[in-house]
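Data first, discussion second: the structure below is written as structure tokens.
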Amino acid sequence: MTFRELLRQNPFIRLLLPLVCGVILSDIVSIPQILNWILVLFGLLGVVLFALSEKLRKSYSLRSLFGLFIFILCFGLGNIRYNDIQSQMYLPISKSKIILKGRVLDTPAEKGRSFAFVLDVQSIKVSDKWQNVLGKTMIYLQKDTKARELGIGDLLVLKTELQRVKNAGNPHEFDYASYLKTQHILYSAYADSLSWKQIGNTSDFSIKVMASKWRDHLLSIYRRNGIQNESFDILAALTLGYKTGMDPEIKRTWADAGAMHVLAVSGLHVGIIYMIMNYLIRFLARFKYGRHLQGILLLLTLWTYALLTGMSPSVMRSATMFSFIVIGKALKRDGSIYNSLAISAFFLLLIDPFLLFTVGFQFSYLAVVSIVFFQPQFDKLLYIGNPILKKLWQLTTVSLAAQIGTFPLAIYYFHQFPSYFLLSGYVVITMAGILIYLSALLLILSPIGILSEGLGWILRNLVEGMNFLIVKIQALPGSVIRELSLSQYQLLFTYFLLFSLIALLSFKRKKAVYAFVVILIGIQLPITIRIFQVPKNEMLVFNSKGHSVIGFVEGSKGLFLVDGKMSSEISDRIIQPFVLKENINKISFDTLRPIDIKLVGKDVVAIIGKRDNNLEKILKLIQPDYIILRLGGLQSKKMITKEFPNCKMILDASIYSGDRKKYLSKENEGETNLFDVQNNGAYFCVLSTVN
């Protein structure tokens, strides 16, 4: 098979690829909407001309021109949809407090000092007039009983200051602002107990609210039938995707064992439900309209499960994907599952192009495509007559196939790889289907006390047994390989390499061999360049609110100066990602002193943490090139500005808030030699390399 034949057999791939290109380009650069509409109209005109002209359709030499028109049309659509959705995210903001009215969109999650949830903003009071708006914002309410009782669909009025979400600016730290943007959220706000009130509950019918109530009802049935503590947390997450209040230690253990994906309801769960249900009602295909009835029952099962899980985005996405597969089979158009996958991805991205940038969307489609391609190849390698062993071998090949497609993405996002993913897969995939269907049975039989209590006992013991096995797998030597890293460049070329391997196996053409070799060389280029580069001395002042974190890097060596109260959580969030991405092999830590002096090459760096009567004398003696002010060091700013006007001054994120108000003013914003980490993000500079 050639690539041209692949596209001819799966026509929606032709539509999906330009749509994806349009969405990606719109995320990188801003394209005027008028230009996008011109592209769409031009492409549509070309397609219509080919549709109306038989001569054009039959011309072999003009086939490429028709493909170009299709590409332009879908490319423009991708741009338009991206810009349309993005324009709906913006809300009017001001530096003073404003009044918002909106509806709670998800169950409030308990944080350290607040409850957090997404608010669908319906109107904003501007100049004593209510203005209708469209948009969402993250809301943090002061922790109290009133906030704890909020639920999906509640209507609120808040007086608060709406702020644009921005990252701390630390290199390679988790991009929280981009993550929220994929959820169509650009803003956040905080309100204390006196600044908000509930004004009712939405009277409009909402599938989301109904689904949430169904899920809460099923959760209460779990609790009522003796499923508590860890068993409840695991079963609620595995069957319904409910992870609120789950012990972080459970998450860590399951992640290390390679089973965390089972606790996030997604394509795996929907796939299990689809396969088991399809197997149970396969006999319907023998009857005249049995195939259509089979399709209807499968669709009802998939979307009922989506309702029970609270209509979470991951389940909605997976249910849509499998719905297209079901419809294709019902209409006897199941010649290629690739086409069904392309159709579902095309329509999902047309509805919400920001799905393309979500981890769940990427994992789901890569896993399914990898399973569809590689699993049959692996299955042929070994013939097994025993039906039980054959099922075990098929489970093994499915796990291996899924890992081939997703391991680069897993390393890129999570920086680790579970060694015993096959062992944990045998346990959790086998148990997931049993637990999902037993949970559904518990819901049906819940009015019958003795039966529901018996099912509750069975479910609790099954979950405890499964968790016991997962803990044992996680405790095995070398259960997880940590501190792995791939850059965006390496991730992209790893997938290019994988696709060229697929092309080599599928098309068996010389061009695929050449592409494979070229890509292999391309992967090695950054490593080769790094070998010949002269190591640089670099300094970073990280932005960690309330803390001091200062790094000095020379090649593959890194020294990090931290304050005494630095927690492991902050280190893992800020320092570890930087170390992994920058390939720093030798790491050392030291505790900052009230006054610290560092000599790096020819540059002198002074780190001032408090006011000192001898400070001016010390600084005149060492003549620093950089002065970093931390904690109470801002009190010496006036003297430093006067005596060392050419010295670069950096304010770190630990500066006392009282000192900020007292010693910083708007006039300071224009100072070229002053850099405020808290306002501008982490400070980075290259120091001299010669002593």
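Summary of computed values
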quantity	calculated
Counted residues, segment 644-670 - those being exposed (fewer than 12 other Cβ atoms within 10 Å of the Cβ) and either modelled with pLDDT of 85 or more or closer than 15 Å to TYR626 by Cβ (or both)	2
Count of residues meeting criterion [in a helix (DSSP H, G or I), modelled with pLDDT under 85 and either buried (at least 17 other Cβ atoms within 10 Å of the Cβ) or of a type in the set (D, E, K, R) (or both)] in segment 1-53	3
Any pair with Cβ under 9 angstrom, 6 or more apart, that starts in segment 112-132 at a residue that is within 22 Å of SER312 (Cα to Cα) and not assigned by TED's automatic domain parsing to the domain that holds THR145 and ends at one that is at pLDDT 90 or above and not in a loop (DSSP other than H, G, I, E, B)	none
Any hit, segment 89-100, residues being assigned to a helix (DSSP H, G or I), surrounded by 14 or more Cβ atoms within 10 Å (Cβ to Cβ), among the β-branched types (Val, Ile, Thr) and touching a residue at least 40 places away in the same chain (Cβ under 8 Å)	no
Close pairs from segment 23-41: first in contact (Cβ under 8 Å) with a residue 40 or more places away in the chain and of a type in the set (S, T, N, Q), partner in a helix (DSSP H, G or I) and surrounded by 14 or more Cβ atoms within 10 Å (Cβ to Cβ), Cβ under 6 Å, at least 6 apart	SER26/ASN79; SER26/TYR82; GLN33/ASN83; ASN36/GLY76; ASN36/ASN79; ASN36/ILE80
Identity of the residue in segment 600-621, assigned to a loop (DSSP other than H, G, I, E, B) and more than 40 Å from the chain's Cα centre (by Cα), that ends up surrounded by the fewest Cβ atoms within 10 Å (Cβ to Cβ)	ASN613
Test: residue in segment 56-68 that is modelled with pLDDT of 85 or more, aliphatic (A, V, I, L, M), closer than 30 Å to LEU25 by Cβ and in a helix (DSSP H, G or I)	yes
Boolean, ILE343 is assigned to a helix (DSSP H, G or I), modelled with pLDDT under 85 and assigned by TED's automatic domain parsing to the domain that holds TYR279	no
Qualifying residue in segment 625-636 (condition: surrounded by fewer than 13 Cβ atoms within 10 Å (Cβ to Cβ) and either at pLDDT 85 or above or touching a Leu at 6+ places or on another chain (Cβ under 8 Å) (or both))	no
Residue ID - surrounded by the most Cβ atoms within 10 Å (Cβ to Cβ), chosen from residues in segment 454-477 that are under 18 Å from ASN229 (Cβ atoms) and among the polar types (S, T, N, Q)	ASN467
Single condition ILE597 does not satisfy, out of (1) buried (at least 16 other Cβ atoms within 10 Å of the Cβ); (2) out of contact with any Pro (no Cβ under 7 Å at 6 or more places or on another chain); (3) of a type in the set (A, V, I, L, M); (4) not in a helix (DSSP H, G or I)	(1)
Subset tally (residues that are aromatic (Phe, Trp, Tyr) and surrounded by 19 or more Cβ atoms within 10 Å (Cβ to Cβ)) for segment 378-406	0
Residue within segment 39-57 that is aromatic (Phe, Trp, Tyr), under 28 Å from the mean Cα position of the chain (by Cα) and not assigned by TED's automatic domain parsing to the domain that holds LYS181 present	no
Number of the exception - ARG164 against (1) surrounded by fewer than 16 Cβ atoms within 10 Å (Cβ to Cβ); (2) at pLDDT 90 or above; (3) in contact with a strand residue (DSSP E or B) (Cβ under 7 Å, 6 or more places away or on another chain); (4) over 30 Å from VAL579 (Cβ atoms)	(4)
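The values are calculated or read from the model by the stated rules, or taken from the named source; none is laboratory data. Fair warning: this is a prediction, and the values are worked out from it, not measured in the lab. Cβ: placed from backbone, ideal geometry, glycine included. Neighbour counts: every protein chain shown.
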